[in-house]
Amino acid sequence: MIVKIKHSLIIFERPSEWEEISARLVKDYGPSILISWKCKRELGFTVRHHQGLQPYDTSGSHRHDKGSEYVNLKGRYYYSPEVHLDFYSEAAQSFFVLKYLNLDG
């Protein structure tokens with residue numbers, strides 16, 4: 001699981017991982033938990049879909065789209081979909097991490 005935990009913020013770099021957790025939330029709280037104001041009231045966070053910048057893999061040269069010439073992608077970035085959870089209290093964030101995230105250290 002690729003998750004970044006910051007102060008009042010959890011970032012899922014793979015939206016599919018958030019989808020698995022949101023399915024567990026629906027199972028535990030019912031489908032209305034995904035309504036933003038209810039999620040904020042009951043669980044203490046809101047969900048935000050975001051486009052984050054990710055660096056290209058610079059392990060080697062890559063082919064350009066239009067031909068066989070190689071381009072250096074070092075220092076270049078692309079947009080990648082992410083899901084951000086914005087928490088309103090440390091207690092709500094701690095509860096979510098302990099209950100829904102299986103972090104292996």
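The numbers here are math on the coordinates, done by the rules we state, and not lab data. Just so it is clear, the model here is predicted, and its values are computed rather than measured. Heads up, the Cβs are rebuilt from the backbone with ideal geometry, glycines too, and the neighbour counts pull from every protein chain shown.
Selection of segment 23-55 for residues being touching a residue at least 24 places away in the same chain (Cβ under 8 Å) and either closer than 19 Å to SER89 by Cα or in a helix (DSSP H, G or I) (or both) yields ARG24, LEU25, LYS40, LEU43, GLY44, PHE45, THR46, VAL47, ARG48.
Total residues in segment 1-22 satisfying the condition of being in contact with a strand residue (DSSP E or B) (Cβ under 9 Å, 6 or more places away or on another chain) and either part of a helix (DSSP H, G or I) or among the aliphatic types (A, V, I, L, M) (or both): the figure is 13.
Residues in segment 9-20: is at least one free of Cβ contacts under 8 Å to residues at least 12 places away in the same chain and hydrophobic (A, V, I, L, M, F, W, C)? Taking every residue of segment 9-20 in turn, none turns out to be free of Cβ contacts under 8 Å to residues at least 12 places away in the same chain and hydrophobic (A, V, I, L, M, F, W, C). Within segment 1-19, the only residue that satisfies the criterion of being surrounded by fewer than 13 Cβ atoms within 10 Å (Cβ to Cβ) and either of a type in the set (Phe, Trp, Tyr) or more than 14 Å from GLU82 (Cβ to Cβ) (or both) is HIS7.
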